[in-house]
Amino acid sequence: MNVEELRRRGEGMCAELGLESYRTGAGLAAESHYAEIFARYPDLADEPAVASARGHRELFEWVVDNRVGRAVAALDDRLHAWEARAVIALAGGESLPYQRAAIEIANEPQRARRLAIEAARRAVLAEPSAIRRERLTLERELLAALGVGDQVATRSLLSGVDLTALGDACAGFLAATADLYRDALREALRTELALAPGDADRSDAAYLFRGAGYDEFFRGSELVGTARAQLAEMGLDAEAGGRIRYDADDRERKRSRAFCAPVKVPDEVYLVIRPFGGQTDYRAFWHELGHAQHFANISRTLPFEHRWLGDNSVTEAFAMLFEHMVGEPSWLRRYTGLAGERQRAFRRSQAFALLAILRRYAAKLRYELALHRSASLEAGAAAYAPLLSEATGFHYAPEDALLDLDDGFYAARYLRAWQLEALLADSLRERFDEDWFLNPRCGRWLLDLFARGQRDDATTLVRAVLGRDLDFGPLVARAEAALA
């Protein structure tokens with residue numbers, strides 16, 4: 001197999017996986033069939049494929065991931081099947097589909113019921129945790145066979161991201177924002193939930209950040225229409241000439257987490273959301289809209305690896321750029337009517353929510369580094385609840401340790417994306433003023449960036465376009481300006 005054959009076959013497999021991801025996640029299929037797809041492409045994980053991919057970092061990382069994916073596909077199918085059929089039992093004989101638990105918790109104003117749903121959710125996690133443990137064990141064995149070192153060293157080599165250095169930077173970010181966050185947390189818990197620091201649960205965080213008090217300004221029926229109108233003013237086509245397809249219907253098996261599923265890049269991209277209600281929907285929708293606009297506007301002339309693969313910190317940065325525009329003052333006035341003191345309170349709550357999720361992911365990466373360096377998964381998993389609880393101020397339970405875990409250290413991609421997004425947002429304000437999201441020249445500038453696909457990793461892109469380096473400094477400054 002040569003590189004061109006690897007690219008051609010790879011595109012076919014990614015298209016099949018993308019469509020399966022869409023159908024399963026959107027609740028259109030009761031079960032996933034990833035194992036069958038990987039079985040049709042065994043040559044994309046064998047030794048000739050490895051040999052052809054060497055010297056092409058993105059392709060090499062992808063071939064290794066294919067080996068892992070093929071080995072664990074049956075386990076992924078089992079996990080998806082469990083998620084689709086699982087039911088949690090509540091008091092009085094009431095039951096709830098597992099996939100709705102997160103939605104119900106985020107929308108439940110009665111704390112006793114929130115805690116009851118959360119306790120019932122945790123009570124059913126033994127089976128999916130066992131599946132994840134088996135999956136992680138297999139992945140460890142496959143990556144160890146490469147002979148690079150432990151999983152941290154191997155993933156650093158494959159991704160081109162120094163995970164140890166990023167973990168150290170996360171520790172610095174957590175320390176730099178600790179006092180600011182504690183003060184904002186104390187205020188939010190007291191005024192919104194009548195709770196004291198140390199008493200709040202992760203389910204309380206879901207309800208707090210849901211922001212239900214602002215629902216009147218974020219009407220679900222206007223979600224897609226608002227996106228079309230705003231993107232048109234920005235010089236972008238919301239459907240990208242029909243290449244982006246929207247799925248905002250509510251289905252029983254549909255996942256609670258919004259996602260974007262590219263099937264043919266750039267010609268067939270699905271944006272999927274299961275509405276929670278209110279500003280949460282808008283932020284999630286605009287996040288996935290950033291992904292969709294990126295994938296649907298990548299240049300067709302780029303090779304497979306620069307359209308499909310590469311450093312996902314780049315596409316995540318575009319997603320975050322779109323998500324955060326929903327909190328801009330003039331965006332809120334123009335598209336929701338939210339203004340004055342209520343707008344100022346809303347924007348402060350959003351700044352606090354952003355700092356909370358940044359601290360959560362900084363702690364998550366530190367946990368994942370500890371987990372994958374540990375001699376056993378059980379020992380490493382013990383770090384989860386203390387690290388996440390300390391960083392966020394909300395109680396995290398050990399039952400989620402192997403489930404609240406993204407594959408391949410994806411937390412690192414998110415963290416680098418937030419760093420990149422902060423620099424991009426500052427640059428857009430300098431180039432196109434505070435209302436950059438209403439400027440057609442901004443849309444053209446972004447289309448040029450989208451067309452590059454992921455040819456450059458986040459570090460290379462920000463140096464080439466902005467002449468800057470990635471770090472947490474702009475994010476600390478943003479939090480201090482909004483919350484101090």
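Every read-out reported here was derived from the displayed coordinates using simple, explicitly stated rules and does not represent laboratory data. Given the structure is predicted, the values throughout are model-derived calculations rather than measurements. Using ideal geometry, Cβ is built from the backbone for each residue, glycine included, and neighbour counts are taken over all protein chains shown.
A few points about this structure:
- Farthest toward positive dipole pole in the chain [+1 Lys/Arg, -1 Asp/Glu at C-beta], among Leu6, Phe217, Trp436: Phe217
- Put a plus charge on the Cβ of each Lys and Arg, a minus charge on the Cβ of each Asp and Glu, and nothing anywhere else: the dipole of the stretch 376-451 about its Cα centre is then about 420 debye.
- Since only Ala123, Gly92, Leu17 are under comparison, the one whose Cα sits farthest along the positive direction of the charge dipole of the chain, derived from C-beta charges on Lys, Arg, Asp and Glu, is Gly92.
- For the stretch 259-265, 3J(HN,Hα) computed residue by residue from phi via the Karplus equation (6.51, -1.76, 1.60; θ = phi - 60°) reads 7, 10, 10, x, 10, 9, 9 Hz, glycine and proline entered as x.
- Cβ-based net charge around Gly10, under 14 Å, with every Lys or Arg adding one and every Asp or Glu removing one: -2
- Mean residue ellipticity (222 nm) of the chain, computed from DSSP H runs ≥ 4 via -39,500 (n - 2.57), nearest 500: -20000 deg cm²/dmol
- Counting only DSSP beta bridges whose two residues both lie in the chain, roughly 60 percent are antiparallel.
- Summary of the geometry: the stretch 383-459 and the stretch 336-371, compared by the centres of their Cα atoms, lie 12 Å apart.
- Amide H contacts of Ile88: Leu96, Tyr98, each under 5 Å away and 5 or more positions distant or on a separate chain (H built 1.01 Å from N in the peptide plane; Pro and chain starts excluded).
- Using θ = phi - 60° in the Karplus curve 6.51 cos²θ - 1.76 cosθ + 1.60, the 3J(HN,Hα) couplings for the stretch 369-379 round to 4, 5, 4, 7, 8, 6, 5, 9, 5, 4, 5 Hz; x is entered for Gly and Pro.
- The chain, relative contact order [Cα under 8 Å, separation at least 6], %: 18 percent
- Sorted from longest to shortest, the spans of the Cα atoms of the stretch 258-388 along the three principal axes equal 54, 46, 23 Å.
- Mean Cα-pair separation over length for the stretch 1-137, i.e. relative contact order, pairs under 8 Å, 6 or more apart, %: 20 percent
- Overall, the stretch 318-405 carries a charge dipole of about 580 debye about its Cα centre when +1 sits on the Cβ of Lys and Arg and -1 on the Cβ of Asp and Glu, all other atoms neutral.
- Volume per residue of the convex hull around the Cα atoms, evaluated for the stretch 51-121, comes out as 114 Å³.
- Other residues whose C-beta falls under 13 angstrom from the C-beta of Gly149 contribute a net charge of +2, scoring Lys and Arg +1 and Asp and Glu -1.
- For the stretch 328-484, the fraction of alpha-carbon pairs in successive 10 Å shells from zero, as %: 9, 29, 31, 23, 7, 1
- Pairs of Cα atoms farther than 20 Å apart, the stretch 106-258, %: 74 percent
- Compactness index (Cα Rg / 2.2 N^0.38 Å), the stretch 67-176: 1.46
- Percent antiparallel among DSSP beta bridges (both partners in the stretch 185-289, rounded to 5): 55 percent
- Proximal charge balance of Ser159 [Cβ under 11 Å; K/R count +1, D/E count -1]: -2
- Remark: the chain carries a charge dipole of roughly 500 debye about the Cα centre, counting +1 on each Lys and Arg Cβ and -1 on each Asp and Glu Cβ.
- Ranked by how many other beta carbons lie within 10 Å on average, peptides 451-464, 100-113 from highest: 451-464, 100-113
- Evaluated at q = 0.25 Å⁻¹, a Debye calculation over the C-alpha positions of the stretch 124-166 (equal weights, vacuum) places log10 I(q)/I(0) at -0.81.
- Using the alpha carbons alone, the radius of gyration of the chain stands to its Kirkwood radius in an Rg to Rh ratio of 0.94.
- Mean separation of Cα pairs under 8 Å and 6 or more residues apart, divided by the residue count, gives the stretch 191-272 a relative contact order of 19 percent.
- The translational diffusion coefficient of the stretch 352-407, from Stokes-Einstein at 4 °C and 1.567 mPa s with a Kirkwood hydrodynamic radius over alpha carbon pairs, comes to 116 µm²/s.
- For the stretch 53-70, putting each phi into the Karplus relation 6.51 cos²θ - 1.76 cosθ + 1.60 with θ = phi - 60° gives couplings of 7, 4, x, 10, 4, 4, 5, 5, 4, 5, 5, 4, 5, 4, 4, 5, x, 5 Hz, in residue order, rounded to whole numbers and with x for Gly and Pro.
- The alpha carbons of the stretch 215-275 give a radius of gyration and a Dmax of 12.7, 37 Å, in that order.
- Using a Förster distance of 51 Å, the FRET efficiency for Leu193-Glu434 (Cβ separation, nearest 0.05): 0.95
- Dimensions in Å of the stretch 171-275 - Rg and Dmax from alpha carbons: 19.1, 51
- The Cα-based radius of gyration of the stretch 1-83, divided by its Kirkwood radius, gives an Rg/Rh of 1.02.
- The stretch 138-186: Cα Rg divided by the 2.2 N^0.38 Å rule of thumb: 1.68
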